[in-house]
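Inspection log for the structure reproduced underneath, given as structure tokens.
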Amino acid sequence: MVNITLPDQSVRTFDSPITVAAVAASIGAGLAKAALAGRLDGQLVDTSHVISQDAQLAIVTDKDADGLDIIRHSTAHLLAYAAKSLFPDLQVTIGPVIENGFYYDFSYKRPLTLEDLTAIEDKMRELAARDEPISRELMDRDAAVRFFNAMGEHYKAEIIESIAAGEQISLYREGDFVDLCRGPHVPSTGKLKVFKLMKVAGAYWRGDHRNEMLQRVYGTAWAKKEDLEQHLHRLEEAERRDHRRLGKSLDLFHLQDNAPGLVFWHPKGWTIWQQVEQYLRRVYIEAGYQEIRCPQILDRSLWERSGHWEHYKDNMFTTASENRDYAVKPMNCPGHVQVFNSNLRSYRDLPLRYGEFGSCHRNESSGSLHGLLRVRGFTQDDGHIFCTEDQIQSEVFDFTQRLLAVYSDFGFQDVIYRLSTRPPNRVGSDESWDKAELALSEALDRVGVDWQLLPGEGAFYGPKIEYSLKDSLGRIWQCGTIQVDFNMPTQLGAEFVAEDNTRRHPVMLHRAIVGSLERFIGILIENHAGAMPCWLAPVQVAVASITESQADYASGVAKRLQARGFRVEADLRNDKISYKIRELSLQKCPFILVVGQKEKDSEQVAVRARGGEDLGTMSLNAFFELLTQTVELRR
């Protein structure tokens, strides 16, 4: 007898061992048709898996996140099947699931073209239409090596050789194609109906630049056609909003090959930077931070004491002078400890909050660089709080509330909170970890937000909260963080005089609201599609004259607005006003003031808001009030 407990806690009893597919069929024909896999005692298995003892079982369909992953992984294998059918001497390597899709890496004698991708996709549809069963087989490890070598699939054989001898190897067969895989897979190719191949790119075998460059084919797969269409629309929208393209068209910044990962800020882009930095500086002041500035280059000995030289050296730019080794700082923390250590501190001084717009450099690999979102030189809105263990909760609570207000001002309302707790390898006592983790969780509870627990994901030196924001396309960006550090103050000798007159090490809270300013500005550009809110826009108002006879009046209007602190340009060119308006609109200027003879004579302005909205004619004082209110409301 086999007793199967279902998710609703009902129990079905069978006289003999039974497959997952048969259990689904016993529940209903609809579920049997929809079944993609099973979750047996928490483990994913194929629908062909035989259950021989009492167990808990959930039938996985395309409505489950696991089901969508199984569809994507099975589609990656369908891709390999189709590619091998068209190009028999092509070798397959690995094909995992990634966010929103999958990829498969191939070794082939020539570059795959877009025409090849079209042919492969057509072949995939043909194979899916055959609805061929996908079956699992087990093979001895050494036999599997011989099997794949005999087929000329030397990459697969190499993967299997890295598995311990004597292990049973799991293979999946569909038609005449056999692939190495743990599974599970959908029961047949007919379950794979909604997919699209996206692009081909290069990728080193096993991620090592010393190995062969393979060809990586990316694809996406979904349960429903409308889901695919929505995904493709999001990709088109993301392309339209790409900060690199907008950075060029709006004349904000550029990057070039002889300064990889380093940004050349143009006047308009630097204006946005300054607005972000000055805003955050005001937040610092309101929150009781003292702004400091630390050196860019520090001696090797300090980085050794902090642990960076041992654990982070490959990501650091180093130099030497007069027989001494130095590193360009990849982070600001050790410098802030030096400022703390410059005077004898008392418990009455705590919490002591330092903030720095610290310029950092990290030796990121060239392949990982991506516009403003991944650079080698960046500035952080970096802050460190030196406090006692009893002060952690209140500091985290205050920080989180301020962070929420900042994100809201920048146009982000949807924030995701994750609390990462102690990993197996860590420093500090269990008592300290208990207190820190409790303080972080209680601080989030006091703010009144839902949060996710990530057990074991904390840093070795302490637990942390990560704050991720969701943009207008639903993409998630991890920006803010607050991390509890028991280690660095001890390593670098930070001490304060406690109330009982003993010397103690403070707790160090590493905190950032936006993180890298470069990255945050890239996120802002994409979130707003370059149409920055008026308070952030590099040019808030453009004044355009209709003819030369209004040039002096238009120039005077611009100067009066500038005198009130607004960022204004005057377009006095001898061009048609329709051309001027179109060009200024493409520059995403929040307000365009059109002045013709009628406006000049009445000392008024015709106001157009971004998007072409005609706000009519108004006095300059009325426009002052409108503009002031818009900026004050962070619009």
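The values are calculated or read from the model by the stated rules, or taken from the named source; none is laboratory data. Values in this document were obtained by computation on a predicted structure and should not be read as measured data. Neighbour counts run over all protein chains shown; Cβ positions are idealised from the backbone, glycine included. For the accessible areas, the whole protein counts, side chains as well, though only heavy atoms, and no ligand, DNA or RNA atoms are used. Shrake-Rupley method; radii C 1.70, N 1.55, O 1.52, S 1.80 Å.
What share of all Cα pairs of the range 182-295, in percent, falls into each consecutive 10 Å distance bin?
10, 18, 25, 23, 17, 7, 1
Would you be so kind as to identify all helices of the chain, as entire DSSP H runs, whose Cα atoms reach 30 Å or more along the helix's own axis and whose mean Kyte-Doolittle hydropathy is at least 0.0?
Helices passing the filter in the chain: 65-86.
Loop-only trypsin sites (Lys or Arg not before Pro) in the range 394-487, please: DSSP not H, G, I, E or B, and at most 16 other Cβ atoms within 10 Å.
For trypsin sites (Lys or Arg not before Pro) across the range 394-487 that sit outside H, G, I, E and B with at most 16 neighbouring Cβ atoms in 10 Å, the list reads ARG475.
In debye, nearest 20: dipole of the range 246-382 around its Cα centre with unit charges on the Cβ of K, R (+) and D, E (-)?
I would put it at about 200 debye.
Per the Kirkwood formula on distinct C-alpha pairs, the Rh of the range 241-308 is how many angstrom?
Answer for the range 241-308: a Kirkwood hydrodynamic radius of 15.3 Å.
What is the spin-label model distance, in nm, from GLU499 to PHE317 if the labels are put 7 Å beyond Cα along the C-beta direction?
4.7
Quick one: grab the alpha carbon gyration tensor of the range 290-427, order the square roots of its eigenvalues as a ≥ b ≥ c, and give me rounded if a/c is under 1.5, else prolate or oblate depending on whether a/b is larger than b/c.
Verdict is oblate for the range 290-427.
Rank these residues by their accessible area, most exposed first, probe 1.4 Å: PHE397, PHE460.
If we order PHE397, PHE460 from most to least accessible, we get PHE460, PHE397.
Taking the Cα centre of the range 308-359 as the origin and placing charges on Cβ (Lys, Arg +1; Asp, Glu -1), which of SER346, GLY335, SER359 is farthest toward the positive end of the dipole?
SER346
Whole angstrom only: what separates the Cα centroid of the range 477-498 from the Cα centroid of the range 585-602?
Going from one Cα centre to the other spans 53 Å.
Please compute the Kirkwood hydrodynamic radius over the range 551-635, one decimal place, Å, based on all pairs of different Cα atoms.
Details: mean 1/r = 0.0756 Å⁻¹.
For the range 551-635, inverting the mean 1/r across all distinct Cα pairs yields 13.2 Å.
What are the extents of the Cα atoms of the range 67-160 along their three principal axes, listed from largest to smallest and rounded to whole Å?
If we take the Cα atoms of the range 67-160, the spans are 36, 35, 28 Å.
Quick one: longest stretch of the chain between exposed loop GluC sites (Glu not before Pro), exposed meaning at most 10 other C-beta atoms within 10 Å and loop per DSSP?
Numbers: sites that count: GLU99, GLU322, GLU499.
Longest gap between qualifying sites, sites excluded: 100-321.
Kirkwood Rh over alpha-carbon pairs of the range 427-552, then Stokes-Einstein at 25 °C and 0.890 mPa s: what D in µm² s⁻¹, rounded to an integer?
Approximately 131 µm²/s, per Stokes-Einstein.
For ASP450 and GLN168 in one chain, what is 0.36 nm times their gap in residues minus the Cα-Cα distance, to one decimal in nm?
Gain on extension, ASP450 to GLN168, equals 97.2 nm.
About the Cα centre of the range 29-115, what is the dipole size in debye to 20, counting +1 per Lys and Arg Cβ and -1 per Asp and Glu Cβ, all else neutral? Mind dumping the intermediate values first?
On the way: 7 positive and 11 negative charges, 65 e Å.
Dipole magnitude for the range 29-115 comes out near 320 debye.
Dividing the Cα convex hull volume of the range 146-213 by residue count, how many Å³ per residue is that? Could you put the intermediate results ahead of the total?
On the way: hull volume 9.6 nm³, N = 68.
Considering the Cα atoms of the range 146-213, their hull volume per residue is 141 Å³.
If you put +1 on each Lys and Arg Cβ and -1 on each Asp and Glu Cβ, how big is the dipole of the chain around its Cα centre, in Debye rounded to 20? Walk me through the numbers on the way to the answer.
Values: 75 positive and 89 negative charges, 322 e Å.
Result for the chain is approximately 1540 debye, rounded to the nearest 20.
Principal axis lengths of the range 1-72 from Cα atoms, whole Å, largest first?
35, 24, 22
Rounded, prolate or oblate: pick one for the range 299-380, where a ≥ b ≥ c are the square roots of the eigenvalues of its C-alpha gyration tensor, a/c under 1.5 means rounded, and failing that, prolate if a/b is larger than b/c, else oblate.
Details: a/c = 2.74, a/b = 1.47, b/c = 1.86.
It is oblate, given that a/c is not under 1.5 and a/b is not larger than b/c.
Kindly state, to the nearest 0.05, the FRET efficiency for SER249 paired with TYR204, given R0 = 41 Å and r defined as their beta-carbon distance.
Computed FRET efficiency for SER249 and TYR204: 0.75.
Can you give the extra length, in nm with one decimal, that the chain gains between ALA32 and ILE297 once fully stretched, where that is 0.36 nm per residue apart less the Cα-Cα distance?
Gain on extension, ALA32 to ILE297, equals 88.9 nm.
Send over the semi-axes of the range 471-614's equivalent ellipsoid, whole angstrom and largest first, taken as the square roots of 5 times the C-alpha gyration tensor eigenvalues.
Taking √(5λ) for each eigenvalue gives 52, 19, 10 Å, largest first.
Semi-axes of the equivalent ellipsoid of the range 115-168: what are they in whole Å, largest first, if each equals the square root of 5 times a C-alpha gyration tensor eigenvalue?
Square roots of five times the eigenvalues give 30, 15, 8 Å.
Report Rg/Rh for the range 222-263, rounded to two decimals, where Rg is the Cα radius of gyration and Rh the Kirkwood radius. Walk me through the numbers on the way to the answer.
On the way: Rg = 15.6 Å, Rh = 12.4 Å.
With Rh from the inverse mean 1/r over Cα pairs, Rg/Rh is 1.25.
Using a Förster distance of 35 Å, how high is the FRET efficiency between ASP434 and SER16, based on the Cβ-Cβ distance and rounded to 0.05?
Using R0 = 35 Å, I get an efficiency of 0.10.
Given LYS199/LYS470; LYS225/LYS470; LYS33/LYS470; LYS63/LYS199; LYS156/LYS329; LYS470/LYS576, which pairs have Cα atoms separated by over 32 Å?
Working: LYS199/LYS470 26 Å; LYS225/LYS470 25 Å; LYS33/LYS470 36 Å; LYS63/LYS199 27 Å; LYS156/LYS329 42 Å; LYS470/LYS576 41 Å.
Beyond 32 Å between Cα atoms: LYS33/LYS470; LYS156/LYS329; LYS470/LYS576.
Going out from 0 in 10 Å bins, what whole percent of all Cα-Cα distances in the chain drops into each bin?
Calculated over all Cα pairs of the chain, the distribution is 3, 12, 17, 19, 20, 16, 9, 3, 1, 0 percent.
Counting only protein heavy atoms and using a 1.4 Å probe, what share of the accessible area of the range 50-171 belongs to carbon plus sulfur, as a whole percent?
Looking at the range 50-171 in its full context, I get 50 percent from C and S.
Compare the Cα positions of VAL92, GLY166, ASN425 along the charge dipole of the chain (+1 at Cβ of Lys, Arg; -1 at Cβ of Asp, Glu; about the Cα centre) and return the one farthest towards the positive end.
Going by the charge dipole, the pick is VAL92.
Of all DSSP beta bridges in the range 468-593, what percent run antiparallel (nearest 5)?
Around 60 percent of the beta bridges assigned by DSSP in the range 468-593 are antiparallel ones.
What are the ³J(HN,Hα) couplings of the range 595-604, residue after residue, when phi is run through the Karplus curve with 6.51, -1.76, 1.60 and θ = phi - 60°? Round to Hz, x for glycine and proline.
For the range 595-604, the Karplus-derived couplings read 10, x, 5, 4, 5, 4, 5, 9, 6, 10 Hz, x marking Gly and Pro.
Once every DSSP H run of n ≥ 4 in the chain is given -39500 (n - 2.57) and the sum is divided by its residues, what mean residue ellipticity at 222 nm do you get, rounded to the nearest 500 deg cm²/dmol? Could the numbers behind the result be given before it?
Details: 20 runs with 227 residues, N = 635.
Helices in the chain give a 222 nm mean residue ellipticity of -11000 deg cm²/dmol.
Quick check: the distance between the Cα centres of the range 24-72 and the range 527-581, to the nearest angstrom?
If we compute the Cα centre of each part, the gap is 62 Å.
Where the centre of each part is set by its Cα atoms, how far does the range 423-459 sit from the range 349-386, in angstrom?
Each part reduced to its Cα centre gives a spacing of 23 Å.
Considering only DSSP states other than H, G, I, E and B, which trypsin sites (Lys or Arg not before Pro) in the range 132-191 qualify as loop sites with at most 13 other Cβ atoms within 10 Å?
Numbers: sites: ARG136, ARG141, ARG146, LYS156, ARG173, ARG182, LYS191; in loops: ARG182.
Within the range 132-191, the qualifying trypsin sites (Lys or Arg not before Pro) (loop, at most 13 other Cβ atoms within 10 Å) are ARG182.
Note the full-extension length gain between LEU232 and GLN629 as 0.36 nm times their separation in residues minus their Cα-Cα distance, in nm to one decimal.
The LEU232-GLN629 span can extend by a further 139.1 nm.
Using the Kirkwood formula on the Cα atoms of the range 1-121, what hydrodynamic radius do you get, in angstrom to one decimal?
Final number for the Kirkwood radius of the range 1-121 is 16.4 Å.
Which residues' amide hydrogens lie under 5 Å from the amide hydrogen of CYS360, considering only partners 5 or more residues apart or on another chain, with H built in the peptide plane?
PHE378, THR379, GLN380
Percent of Cα-Cα pairs more than 14 Å apart in the range 78-130, please.
54
Projected onto the charge dipole of the chain (+1 at Lys/Arg Cβ, -1 at Asp/Glu Cβ, origin at the Cα centre), which of GLY28, SER441, GLY42 gives the Cα projection farthest towards the positive end?
Farthest towards the positive end: SER441.
For the chain, what is the accessible area per residue in Å², given a 1.4 Å probe and the full set of protein chains?
So the chain comes to 47 Å² accessible per residue, rounded to a whole number.
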